[in-house]
1. DSSP loop chymotrypsin sites (Phe, Trp or Tyr not before Pro) in the stretch 1-86 with at most 14 other Cβ atoms within 10 Å of their Cβ, which ones?
2. I need 153, 54 ordered by Cβ neighbour count within 10 Å, fewest first.
3. Roughly speaking, what is the stretch gain from residue 31 to residue 71, that is 0.36 nm per residue apart minus the C-alpha to C-alpha distance, in nm to one decimal?
4. Among 173, 87, which comes first, second and so on when ranked by fewest other beta-carbon atoms within 10 Å?
5. Quick check: residue separation of residue 7 and residue 58 times 0.36 nm, minus the Cα distance between them. What number comes out in nm?
6. Compute the semi-axes of the equivalent ellipsoid of the stretch 1-97, taking the square root of 5 times each eigenvalue of the Cα gyration tensor, and list them largest first in whole Å.
7. Can you put 68, 184, 178 in order, fewest other beta carbons within 10 Å first?
8. Going through the cross-link list 7/89; 72/185; 89/187; 7/157; 157/185, which pairs have a Cα-Cα distance over 29 Å in this structure?
Amino acid sequence: MEQEGEKKFNPYEALLINEVTTITNIYFPNSNLQVPSVIDEIQIPKNFPKEPIHIVDYKTGKQFKEPSIAEKRQAFLMIIAVYTNILNKAENITFGTNDWELAHNIYEFPTFKKRSLRILPIGSVYAEDLIKDINTINNCIAFSYVDPLTQRHIDFKPKNLGIQTENDITDTLYYLNSLNDFYSKHKKILRPKMKSKDSYYHLPALSKDLTSQQSRQYQYDLI
């Protein structure tokens with residue numbers, strides 16, 4: 001971990017981005033889910049795609065644990081945000097020195113060409129494309145919890161986050177689509193409650209049996 005830590009701070013080996021805010025539109029067959037994501041840290045290695053882009057979510061205290069179902073969904077949304085907004089830009093990073101640096105003996109950090117992340121990244125993706133491109137998602141993006149105080153880390157495989165197979169991603173997409181439909185249907189009632197100071201109100205959680213059973217039909221509808 002110490003060598004990895006040194007590598008991510010080496011501007012000749014990786015581009016390190018902190019507090020990245022993105023907006024991702026996921027198009028379902030009958031609705032559109034728009035998700036803002038704030039990602040604590042993104043590490044893009046110089047030899048990408050031989051090494052994956054690494055998402056780091058900082059967790060301290062009791063938060064530093066195996067993720068709950070809701071936290072797995074949050075991790076999935078961060079992964080999709082990187083897949084949609086950053087993955088296609090990762091090969092356009094300028095590493096090394098330029099003429100100015102050589103002349104003035106100044107070494108700049110690596111940057112994106114055309115300053116493509118200087119404004120809020122907003123991207124869109126169809127739900128069915130996420131299922132079809134599962135190998136790219138799982139091979140090109142890694143996800144970890146890191147405690148910034150102790151530097152302990154938990155590295156998650158796709159199976160740990162419930163996105164290893166097409167059926168796994170279908171389950172997750174069905175869950176998100178169902179919540180989105182529920183909110184859209186009852187938004188006049190839910191909107192003032194969500195904006196209130198009542199911290200005890202939460203959106204309903206779907207039954208595991210219901211999600212597993214109906215998501216198979218949902219995958220069929222998508223593809």
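Computed from the coordinates by the stated procedures, all read-outs in this text should not be read as laboratory data. Please read these numbers as outputs of a predicted model, since none were measured by experiment. Ideal geometry is used to build each Cβ from the backbone, glycine not excepted, and the neighbour counts take in all protein chains shown.
1. Details: sites: 9, 12, 27, 58, 64, 76, 83; in loops: 9, 12, 64.
Answer by residue number: 9, 12.
2. Details: 153 15, 54 21.
With the fewest neighbours first, 153, 54 line up as 153, 54.
3. Values: separation 40, 0.36 × 40 = 14.40 nm, distance 2.30 nm.
My answer for the length gained is 12.1 nm.
4. Working: 173 24, 87 21.
Arranged by neighbour count, lowest to highest, 173, 87 become 87, 173.
5. Numbers: separation 51, 0.36 × 51 = 18.36 nm, distance 1.86 nm.
Additional length available on full extension: 16.5 nm.
6. Those come to 26, 19, 10 Å.
7. Numbers: 68 9, 184 13, 178 18.
Ordered from fewest to most neighbouring Cβ atoms within 10 Å, 68, 184, 178 come out as 68, 184, 178.
8. Numbers: 7/89 21 Å; 72/185 25 Å; 89/187 36 Å; 7/157 21 Å; 157/185 35 Å.
In this structure, 89/187; 157/185 exceed 29 Å between Cα atoms.
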